[in-house]
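Worksheet for the structure shown next.
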Amino acid sequence: MIDREEAIYWIHAQGRELLALMQRASRIRDEAWGRVVTYSRKVFIPLTNLCRDKCAYCTFARASHDPLAKTLAPEEVLAIARAGERAGCKEALFSLGERPELVHALARQHLARFGYERTIDYLAAMMRLVFEETELLPHPNPGALHASEWQALRPWAGSMGMMLESTSARLLEKGQAHFGCPDKTPERRLAALEAAGRLRIPFTTGILIGIGETREERVESLFAIAEMHQRYGHIQEVIIQNFRRKPDIRFRDHDEPSALEMARTLAVARLILPPEISLQAPPNLTPDAYPLYLLAGINDWGGISPVTRDHINPEAPWPAIVELAAASADAGFELRERLSVYPRYISAMWLPPHVLARARQLARSLWLLPE
């Protein structure tokens, strides 16, 4: 790990220095993870696309008057999960807007139809449904929750997640990415991350780059994640995700970060983060250049679905697993499947007994744990 001063120096690396940075990051990755790159075979369950936040880069959230605004019914959730199970998926990724019932009458109507008042309670019920009716491990990405809300989801989750995105309060100003987003304040996101740590929840987080933040602000966000992990040990993986333009967002004309900008940020992240944290970049968001990220220190491609599209970036299809394996092999890596919960968290310290039993069973089927 490096200190802030060194990180600020490297986040501006160019030319030969950028090459040296990537080589250094790759050495750290090789020592911790070897020449293996992993992915999680998942099915994507977009529980509701109603949200109270108005992020400038989001195409997932829909307004109440939008005919595409929707909350999945239990039978729809189960149908998606069963399709994933038939396709060999192990992870059920639940994505949803944050607290939509606080601002959308339509969200309240949807919830009332299913017998609930709060989205978080409906999420917990749907996670339980998937857990009990399939062999999948639910992994919710519900946004910035309070401790009691994380606790409500814990009985049915192998792991959970929330993107920190950025610790820059500047991005909340008018015209910036997080203007009109009460759940995106740095204090709110960090408090949610800390609450998950106190509860010993195996956790995924990360930063979003290219949304108006400076390189220095990226460094600060990464240090915030590293320091949280040093306190609680719960962060199993960090995602560096690049902004993509879409025609129906406020940032439709905003510049996208280049593949080299991503590689630079990934390499600095590998130097900042403890080496046991898995470093991930989504391959579908840079389809022509993602193998470069292996040279910048990543060891994971994240969740890949053979069944459902990326509902957060619907314009960016997942690469086929055989394609991903070939591209990884080209760079000198073996592609292996993993679970949404990493092996070191498959223990009674981190998982409830029934979830632990499911995780062990799935891990053994992938030869991730001894018989």
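The values are calculated or read from the model by the stated rules, or taken from the named source; none is laboratory data. Owing to the predicted nature of the structure, the values given are computational and were not obtained by experimental measurement. Heads up, the Cβs are rebuilt from the backbone with ideal geometry, glycines too, and the neighbour counts pull from every protein chain shown.
Among the residues that make up region 331-341, is at least one of them in contact (Cβ under 8 Å) with a residue 12 or more places away in the chain, of a type in the set (K, R) and surrounded by 20 or more Cβ atoms within 10 Å (Cβ to Cβ)? Don't jump to the end; show me each part of the working.
Looking only at region 331-341, we keep the residues that are in contact (Cβ under 8 Å) with a residue 12 or more places away in the chain, and these are 331-341.
Filter again for of a type in the set (K, R), leaving 336, 338.
Cutting the leftovers down to surrounded by 20 or more Cβ atoms within 10 Å (Cβ to Cβ) gives us 338.
Scanning region 331-341 turns up at least one residue that is in contact (Cβ under 8 Å) with a residue 12 or more places away in the chain, of a type in the set (K, R) and surrounded by 20 or more Cβ atoms within 10 Å (Cβ to Cβ).
Per-residue answers, yes or no, for (1) of a type outside the set (D, E); (2) under 18 Å from D183 (Cβ atoms); (3) surrounded by fewer than 17 Cβ atoms within 10 Å (Cβ to Cβ):
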site: K70; (1), (2), (3): yes, no, yes
site: A73; (1), (2), (3): yes, no, yes
site: A79; (1), (2), (3): yes, no, yes
site: A83; (1), (2), (3): yes, no, yes
site: A92; (1), (2), (3): yes, no, no
site: L102; (1), (2), (3): yes, yes, yes
site: Q109; (1), (2), (3): yes, no, yes
site: L123; (1), (2), (3): yes, yes, no
site: M126; (1), (2), (3): yes, no, no
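One residue stands out in region 53-79 among those that are farther than 13 Å from H110 by Cα and part of a helix (DSSP H, G or I): the one that is farthest from the chain's Cα centre (by Cα), namely E75. Looking across region 342-371, just one residue is under 18 Å from C89 (Cα atoms), of a type in the set (S, T, Y) and surrounded by 15 or more Cβ atoms within 10 Å (Cβ to Cβ), and that is Y342.
Being charged (D, E, K, R), under 16 Å from the mean Cα position of the chain (by Cα) and farther than 20 Å from R338 by Cα is the filter here, so list the residues in region 282-320 that pass it. First the steps, then the outcome.
In the first step, residues of region 282-320 are kept if they are charged (D, E, K, R); the result is 288, 300, 309-310, 315.
If we keep only those that are under 16 Å from the mean Cα position of the chain (by Cα) as well, we get 300, 309-310.
Correct list: empty.
Taken together, the criteria place T265 among residues that are closer than 22 Å to R218 by Cα and touching a residue at least 12 places away in the same chain (Cβ under 8 Å).
One residue alone among T71, T48 is over 29 Å from A281 (Cβ atoms), touching a His at 6+ places or on another chain (Cβ under 8 Å) and not aromatic (F, W, Y), and that residue is T71. Annotation note: of A267, A327, the sole residue that is buried (at least 22 other Cβ atoms within 10 Å of the Cβ), at pLDDT 95 or above, more than 16 Å from the chain's Cα centre (by Cα) and assigned to a helix (DSSP H, G or I) is A267.
Any residue in region 34-52 that is assigned to a loop (DSSP other than H, G, I, E, B), in contact (Cβ under 8 Å) with a residue 60 or more places away in the chain, within 21 Å of Y122 (Cβ to Cβ) and touching a Cys at 6+ places or on another chain (Cβ under 7 Å)? No, the conditions are met nowhere in region 34-52. The residue that is farthest from A79 (Cα to Cα), among those in region 133-157 that are in contact with an Asp or Glu (Cβ under 8 Å, 6 or more places away or on another chain) and small (G, A, S), is A144.
Here's a check for you: in region 151-182, which residue that is part of a loop (DSSP other than H, G, I, E, B) and aliphatic (A, V, I, L, M) is farthest from S347 (Cα to Cα)? Walk me through it before giving the result.
Here is the first cut: in region 151-182, the ones part of a loop (DSSP other than H, G, I, E, B) are 157-159, 162-164, 166-168, 173-181.
Next, from what is left, pick out any that are aliphatic (A, V, I, L, M): 157, 162-164, 177.
Working: A157: 13, M162: 22, M163: 24, L164: 26, A177: 39 Å.
Across region 151-182, the extreme among qualifying residues is A177.
For the condition within 25 Å of I225 (Cβ to Cβ), of a type in the set (F, W, Y), out of contact with any Phe, Trp or Tyr (no Cβ under 8 Å at 6 or more places or on another chain) and in a loop (DSSP other than H, G, I, E, B), W318 does not qualify.
Within the set of pairs 6 or more residues apart or between chains, which connect a residue that is farther than 17 Å from L47 by Cβ and in contact (Cβ under 8 Å) with a residue 60 or more places away in the chain inside region 309-326 to a residue that is buried (at least 17 other Cβ atoms within 10 Å of the Cβ) and of a type in the set (S, T, Y) with Cβ atoms less than 7 Å apart? Matching pairs, first to second residue: L324/Y39.
Scan region 144-155 residue by residue and report those that are in contact (Cβ under 8 Å) with a residue 60 or more places away in the chain and crowded, with 18+ Cβ neighbours inside 10 Å.
First pass over region 144-155, keeping only residues in contact (Cβ under 8 Å) with a residue 60 or more places away in the chain: 154-155.
Of everything in region 144-155, just one residue is in contact (Cβ under 8 Å) with a residue 60 or more places away in the chain and crowded, with 18+ Cβ neighbours inside 10 Å, namely R154.
Does Q241 satisfy being more than 30 Å from A83 (Cβ to Cβ), outside any loop (DSSP other than H, G, I, E, B) and either in contact with a strand residue (DSSP E or B) (Cβ under 6 Å, 6 or more places away or on another chain) or not hydroxyl-bearing (S, T, Y) (or both)? Spelling it out, it is not the case that Q241 is more than 30 Å from A83 (Cβ to Cβ), outside any loop (DSSP other than H, G, I, E, B) and either in contact with a strand residue (DSSP E or B) (Cβ under 6 Å, 6 or more places away or on another chain) or not hydroxyl-bearing (S, T, Y) (or both).
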